[in-house]
């Protein structure tokens with residue numbers, strides 16, 4: 001799930017960046033192309049403008065300064081979108097001559113709108129012409145001294161610029177769409193196969209945790225190989241720590257066993273001495289405490305070991321058969337309902353000890369029936385799966401205050417029943433070491449319900 005999530009995030013991130021880059025590149029290219037089209041259009045208008053300026057500055061015979069044609073039929077076609085206009089600006093001598101295409105209209109002046117001349121001396125810009133046509137206009141002031149001051153203007157239909165730019169944008173859109181599809185496929189391929197080694201590592205770690213493998217196996221890419229090596233080294237170090245802990249536990253048990261035995265033997269030889277009786281009493285406490293803490297150390301070491309997985313159903317079934325034989329003189333029936341998929345993240349002896357204590361305790365107090373139910377469940381969204389073991393009996397049950405007392409070490413509510421009072425406390429301690437819990441309540445049949453919750457293996 002996590003590797004898939006990482007792959008999805010990388011894919012979405014790469015896709016988003018590719019889309020942003022393509023979008024920005026498309027805008028820049030479209031803007032540059034439009035500017036290029038405008039420059040080409042302005043050069044075309046500039047040719048007509050220079051022709052008009054030459055005609056005005058050097059008129060033909062007869063002094064006519066306003067030619068009617070520039071060799072372009074569009075200037076003759078009414079409202080064609082192509083126009084020229086020459087305006088004399090001298091006070092008292094104002095005169096306007098224009099192409100036939102303007103019909104009875106006129107062209108606005110860019111100089112009246114505050115447009116400044118460019119380096120070439122002409123002004124260019126967009127204006128509205130006859131019939132609200134959008135025009136690209138070039139104009140230039142001509143000063144002929146005594147012959148007058150003129151404003152020469154040429155305009156062309158800006159729809160050509162728009163159409164040319166639109167055609168380019170459409171081609172750009174098709175090209176970039178194809179490019180985006182290729183980039184998406186390439187990114188998907190890179191993410192899928194680039195993260196494949198990480199997925200293999202994830203699956204291998206799951207196998208190690210599930211107890212089916214002991215280390216990461218196989219060849220990994222050069223970038224991932226150090227991670228695999230360090231992971232294997234960590235697993236080996238963990239095993240060494242566990243083995244050292246077990247060795248120290250065994251050494252400690254052996255070291256304490258002899259001195260305590262010597263003390264007990266010496267005190268037993270003086271059974272009538274009150275001091276010896278006190279030594280025997282304290283030696284028993286020491287034995288109990290040593291056994292308790294050594295057991296906890298042993299379980300803690302095993303609980304941290306990677307790969308300890310136990311099938312629950314075989315354990316429960318075997319315990320039920322054993323307990324029925326032990327309590328056959330009382331005809332106790334044990335009903336088992338266990339999920340075959342239930343697997344405990346721990347070692348079998350510990351599971352047998354916990355469930356065995358609960359079932360044995362239930363058989364002691366049951367009238368005729370003990371039921372065992374094992375289920376796998378996920379109690380809250382996003383939490384890990386747990387195993388729930390419920391042991392019910394049809395005995396007399398316990399009050400809430402008695403339930404709190406009976407789980408404490410050495411507490412016995414009825415001395416007529418065999419036992420040391422350690423069973424439930426051992427279950428509580430073992431469950432806690434594995435991160436589990438034991439809760440006592442009332443069974444539907446009226447007896448005691450013991451609910452053991454333990455971590456499940458994936």
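The values are calculated or read from the model by the stated rules, or taken from the named source; none is laboratory data. As the structure is a computational prediction, the values presented were derived from the model and not from experiment. Glycine also receives a Cβ, built like all others from the backbone with ideal geometry; neighbour counts cover every protein chain displayed.
Taken over segment 215-233, the residue count meeting the criterion of being part of a helix (DSSP H, G or I), free of Cβ contacts under 8 Å to residues at least 12 places away in the same chain and within 26 Å of the chain's Cα centre (by Cα) is 4. All told, residue 201 meets the bar of being surrounded by 15 or more Cβ atoms within 10 Å (Cβ to Cβ), over 30 Å from residue 117 (Cβ atoms) and at pLDDT 75 or above. Output the residues belonging to segment 128-140 that are surrounded by 15 or more Cβ atoms within 10 Å (Cβ to Cβ) and more than 24 Å from residue 40 (Cβ to Cβ). Within segment 128-140, 130 is the sole residue that qualifies.
For residue 121, all conditions in the list (1) farther than 15 Å from residue 41 by Cβ; (2) touching a residue at least 40 places away in the same chain (Cβ under 8 Å) hold save one; what is the number of the exception? Residue 121 satisfies every listed condition except (2). Scanning segment 369-393 for residues that are at pLDDT below 90 and more than 37 Å from the chain's Cα centre (by Cα) gives no hits.
Going by the structure shown, is residue 122 within 27 Å of the chain's Cα centre (by Cα) and surrounded by 15 or more Cβ atoms within 10 Å (Cβ to Cβ)? Criteria not met by residue 122.
If you check 69, 31 for being surrounded by 11 or more Cβ atoms within 10 Å (Cβ to Cβ) and modelled with pLDDT under 85, only one passes: 69.
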